[in-house]
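To keep things clear, I will list the structure first and then write my remarks on it.
The values are calculated or read from the model by the stated rules, or taken from the named source; none is laboratory data. Because the structure is predicted, anything quoted here is derived from the model rather than measured. All Cβ positions, glycine included, derive from the backbone under ideal geometry; neighbour counts span all protein chains shown. Areas reflect the complete protein model, heavy atoms only, side chains present, ligands, DNA and RNA absent. Shrake-Rupley method; radii C 1.70, N 1.55, O 1.52, S 1.80 Å.
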Amino acid sequence: MRSRIRTPSPDSAVVDKPPCSPLRSGRPPFPCPLPISVEPVLFLSMFSLALQMPLTTQYLWDRISEDVGYNGTKSGGCRNTSGPPDPLEKEVETLTAHWSLYINLGGFAVGLFVVTLLGPWSDGGGRRALLTVPSLGLALQAGTYLAVMYLRLPVPWLLAGRLLSGLSGDFNAILAGCFAHVGDSSARHQRTFRVAVLEACLGVAGMLASVIGGTAVLRLYGGGGRAGAGPLLWLYALCFLLVVTVHFGSRDLYVLYELSAPLCWGPELVGFGSAALHLAYLSSLLGLRVLQLCLDESWVALLGLASNGAALLVISNASSTALMFTGYGLNFLSMASTPVLRSKLSKLVDSSQQGALFASVACVESLCSLLATGVFNSLYPATLHIFKGFPFLFGAILLLIPACITRGSTETRVQLPLRCHPPPHPRLHHRDHQM
């Protein structure tokens, strides 16, 4: 009796195949359009560390100064360097440097050993534990530091808190977990960009924490500027955030918009378009100088916002080369609003606070780059099949907010060019004075 080999028919293969279900794939039916996963974890961890490190050193200095009886920097400021060295100051510097070395080296050595164990284990056990355990360790470290400061515990307890963080893997474990998660979840063509976003989170968090840790910016925006300037500082900072975010976000999409249908530009037209875009810097400078002769700065900023918004509206509907270059032409005054906003912010604070002000402005500008990349580059593919130019339309709508805020502080300057009002002749003025 011969055995027959039965081959499954196409119909039976289809029937036996289990249906694909979103529940079995582990992915939500409506995923978030923004590619955000571990970025907030890395941002908050870096923010916490960057906020603690300089404050810990300052606390060590103050605590050791109190223990040895040194009060030079608090009572009379820094001493004159031409005088003889203060032995107490040298002792404070030496002890502070030694304790900083012990604390940092102890946490680093223990954390380096632990992360080499947790990292390979996470390849099979999952990345969640690799992110959770060191986060708890950093929280224990911060709690220990607070207990030392408020309960006046001995300084070696700071080393104990640092060792607790090291035993959990320390910040290096969070770095390893975040970058490993991005390597697991991102496609190969997206991985470089996702890693760059994580690097940007490190930089932005470090800058924000460093500025806030000095407390100068908090005093500035909390009413430490000129009388009644606190609310205006916040409003103009919001205007600057929105304007620069729109600038960065739309600029990243211009080339992609030009290369695809219906424009289908080649390298030559893309180069001309980029040149026309950068020409706005020069035309805005000239326009700003001319408009300042007869208008208040707030009106100049409004005209700049109107120029930018009109350009974005035209570009959002551009279906031909002529219309695209028309949008670039309308953009001629778009860069006039940002220098006006910087100038208005500068005029709201005293000369002794300019450094703190523009440090915060630099942090806002870095945050703008991160927001623009995340929002506009995610919005473009999400709305590509609905309305291709929607990100530009969205940018134009966003510009209405700074326009409304700026409109509230406008006032027309009744001032004509200087040549229209020549100064009186010195001799005539002298005669009038004698008469």
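Specify which of the listed residues (Ile405, Ile386, Ile401) is open to solvent by 20 Å² or more (accessible area, probe 1.4 Å), at pLDDT 70 or above and under 15 Å from Gly249 (Cβ atoms).
Ile401
Consider region 253-268. How many of its residues are open to solvent by less than 60 Å² (accessible area, probe 1.4 Å) and either in a loop (DSSP other than H, G, I, E, B) or under 13 Å from Thr321 (Cβ atoms) (or both)?
6
How many of the residues in region 128-167 are surrounded by fewer than 18 Cβ atoms within 10 Å (Cβ to Cβ), among the charged types (D, E, K, R) and in a helix (DSSP H, G or I)?
1
Condition test on Gly374, is it modelled with pLDDT under 85, closer than 26 Å to Ala261 by Cα and either touching a Leu at 6+ places or on another chain (Cβ under 8 Å) or of a type in the set (Phe, Trp, Tyr) (or both)?
So Gly374 passes the test.
Residue check, Asp67 against (1) at pLDDT 85 or above; (2) within 22 Å of Ala180 (Cα to Cα); (3) of a type outside the set (A, V, I, L, M, F, W, C); (4) open to solvent by 30 Å² or more (accessible area, probe 1.4 Å), all met but one. Which one?
The one condition Asp67 does not meet is (2).
Is it the case that some residue within region 361-375 is more than 18 Å from the chain's Cα centre (by Cα) and crowded, with 18+ Cβ neighbours inside 10 Å?
No, that holds for no residue.
Given (1) closer than 19 Å to Tyr59 by Cα; (2) of a type outside the set (Gly, Ala, Ser); (3) part of a helix (DSSP H, G or I), where does Ile174 come up short, assuming only one miss?
Of everything listed in (1) closer than 19 Å to Tyr59 by Cα; (2) of a type outside the set (Gly, Ala, Ser); (3) part of a helix (DSSP H, G or I), Ile174 misses just condition (1).
Among residues belonging to region 314-337 that are in contact (Cβ under 8 Å) with a residue 40 or more places away in the chain and surrounded by fewer than 19 Cβ atoms within 10 Å (Cβ to Cβ), point out the one that is nearest to Ala229 (Cα to Cα).
Among those that are in contact (Cβ under 8 Å) with a residue 40 or more places away in the chain and surrounded by fewer than 19 Cβ atoms within 10 Å (Cβ to Cβ), it is Gly329.
Confirm whether Ser284 is closer than 29 Å to Lys344 by Cβ and touching a residue at least 40 places away in the same chain (Cβ under 8 Å).
yes
Which one of these does Phe358 not meet: (1) open to solvent by 60 Å² or more (accessible area, probe 1.4 Å); (2) at pLDDT 85 or above?
(2) is the only condition that Phe358 fails.
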